[in-house]
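S.K.: There's a structure below that I have some questions on.
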Amino acid sequence: MDAAKRLTTLDRIRRLSRLMDTSIRIPFFGFRIGLDPILGLVPGAGDFISTAFSAYIIFLATRFGIPRQDLAKMIFNVGLEAVVGTIPLVGDLFDAFYKSNIRNLAILEQHLTQVAPEIQEVSGEIQQQEFSRV
C-alpha cells in the first residue's frame with residue numbers, strides 16, 4: 001500500500017473510532033461518548049452493529065501489518081465490549097467508559113510510530129491544518 005492510501009486508511013480509522021467512542025460531548029460534564037453506547041440501547045441489533053463497526057476498524061488496521069499480539073489485544077478489546085455490552089444498561093455504561101475503538105486506535109498508532117514514523121508525522125501535520133481551519 002502506498003503512502004497516500006496508508007494516510008487515507010489511517011484517517012478513516014481515526015474518524016470511525018472517534019465517531020463510535022468520543023463524537024458527542026455531554027454538556028456540563030465534559031464527558032464524551034460516541035455512537036457505540038447509543039446504538040447499544042437498541043436491543044440485540046445495536047450491539048451487533050457496534051461490533052460490526054469495530055470489526056471493520058480492526059480489518060482496516062490489518063492493512064498496516066500490525067503484529068499478532070497487537071491484533072489479539074484489539075480483538076480482545078472489541079470482544080470484551082461486545083460481551084459486556086449485551087448486559088442491559090450496565091453494558092451501555094461500560095461501552096461509554098471503556099471505548100474499545102479509541103484503545104485500538106492507540107495500539108495502531110503506537111505500532112505505526114515504531115514501523116512508519118513518517119506516516120505519523122505527515123498525518124499529524126494534516127490534523128493540525130484541519131484543526132486550525134475550525
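The values are calculated or read from the model by the stated rules, or taken from the named source; none is laboratory data. Computed from a predicted model, the values in this text were never measured in an experiment. Because the Cβ atoms are built from the backbone with ideal geometry, glycine has one as well, and the counts that use them run over all protein chains shown.
S.K.: Sort through GLY44, GLY40 and tell me the only one that's crowded, with 21+ Cβ neighbours inside 10 Å, modelled with pLDDT under 90 and under 14 Å from ALA82 (Cα atoms).
M.R.: Testing whether each residue is crowded, with 21+ Cβ neighbours inside 10 Å, modelled with pLDDT under 90 and under 14 Å from ALA82 (Cα atoms) leaves just GLY40.
S.K.: For the stretch 50-64, which positions are surrounded by fewer than 18 Cβ atoms within 10 Å (Cβ to Cβ), at pLDDT 95 or above and of a type outside the set (Ser, Thr, Tyr)?
M.R.: Matches in the stretch 50-64: ALA52, ALA55, PHE59, LEU60.
S.K.: Pairs please, first residue from the stretch 19-31 and in a loop (DSSP other than H, G, I, E, B), second anywhere and of a type in the set (A, V, I, L, M, F, W, C) and surrounded by 13 or more Cβ atoms within 10 Å (Cβ to Cβ), Cβ atoms under 9 Å, 6+ apart in sequence or on different chains.
M.R.: That search, which allows pairs on different chains as well, returns THR22/ILE33; THR22/ILE102; SER23/ILE33; SER23/LEU35; ILE26/ILE33; PHE31/ALA96.
S.K.: Could you tell me whether ALA4 is surrounded by fewer than 19 Cβ atoms within 10 Å (Cβ to Cβ), part of a helix (DSSP H, G or I), modelled with pLDDT of 95 or more and among the aliphatic types (A, V, I, L, M)?
M.R.: For ALA4, the condition - surrounded by fewer than 19 Cβ atoms within 10 Å (Cβ to Cβ), part of a helix (DSSP H, G or I), modelled with pLDDT of 95 or more and among the aliphatic types (A, V, I, L, M) - is not met.
S.K.: Another question, then. Determine whether ILE26 is at pLDDT 90 or above and either surrounded by 15 or more Cβ atoms within 10 Å (Cβ to Cβ) or touching a Lys or Arg at 6+ places or on another chain (Cβ under 6 Å) (or both).
M.R.: Spelling it out, it is not the case that ILE26 is at pLDDT 90 or above and either surrounded by 15 or more Cβ atoms within 10 Å (Cβ to Cβ) or touching a Lys or Arg at 6+ places or on another chain (Cβ under 6 Å) (or both).
S.K.: Further question: Tell me which residues, restricted to the stretch 7-17, are touching a residue at least 24 places away in the same chain (Cβ under 8 Å) and either surrounded by 18 or more Cβ atoms within 10 Å (Cβ to Cβ) or more than 14 Å from ILE58 (Cα to Cα) (or both).
M.R.: LEU7, LEU10, ILE13, ARG14, LEU16, SER17
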